[in-house]
Amino acid sequence: MKIKKTTINDIPYFIKWFSDSENTRFMITKKLTKKQMLKFLNDENRCFYTIWLDKPIGYCQIRFIKNTKRIGLLIDKKYWGKGYAQQIIKKMKLKYKNLTAECFNLNKPIQHILNKFDIKFKIIN
């Protein structure tokens, strides 16, 4: 698995991931347009990384909020349960200090991973 800085060329993958309601069931943003993604990529308070195997399988976002960095990620449902979220969070924790997160109450797997890496998170509904 590789984590690469997201480029404009990755946007079609983001649109595809966000067009699947199962992929976004634990996301605040449920749909994404090319225009929105371009705006996000140009936001100096966000940093996007695309997660690669032989092709992109998801993304990780770091949002810079005050003195913290909030992590968020989406992995294509075809790759759930294979340990990729844990690997990504581990790598991002080494790269960024003071990571925090928000997650839905029903998303127990990510809560378990966040607890494992001692990342504080807020439950949202």
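What follows draws every value from the coordinates through simple rules; no lab data is involved. Predicted model, so just to flag it, every value in this text is computed and none were measured. Cβ placement follows ideal geometry from the backbone for every residue including glycine, while neighbour counts extend to all protein chains displayed.
So the values come out like this:
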item	result
Length released on extending from residue 67 to residue 4, taking residue separation times 0.36 nm less the Cα-Cα span	20.3 nm
Potential lengthening between residue 124 and residue 95 on full extension [0.36 nm per residue; Cα-Cα distance subtracted]	7.9 nm
Per DSSP, loop GluC sites (Glu not before Pro) in segment 19-125 with at most 12 further Cβ within 10 Å	22, 44
Rounded to whole Hz, the Karplus (6.51, -1.76, 1.60) HN-Hα couplings of segment 14-23, x for glycine and proline	4, 4, 5, 4, 6, 7, 9, 5, 5, 4
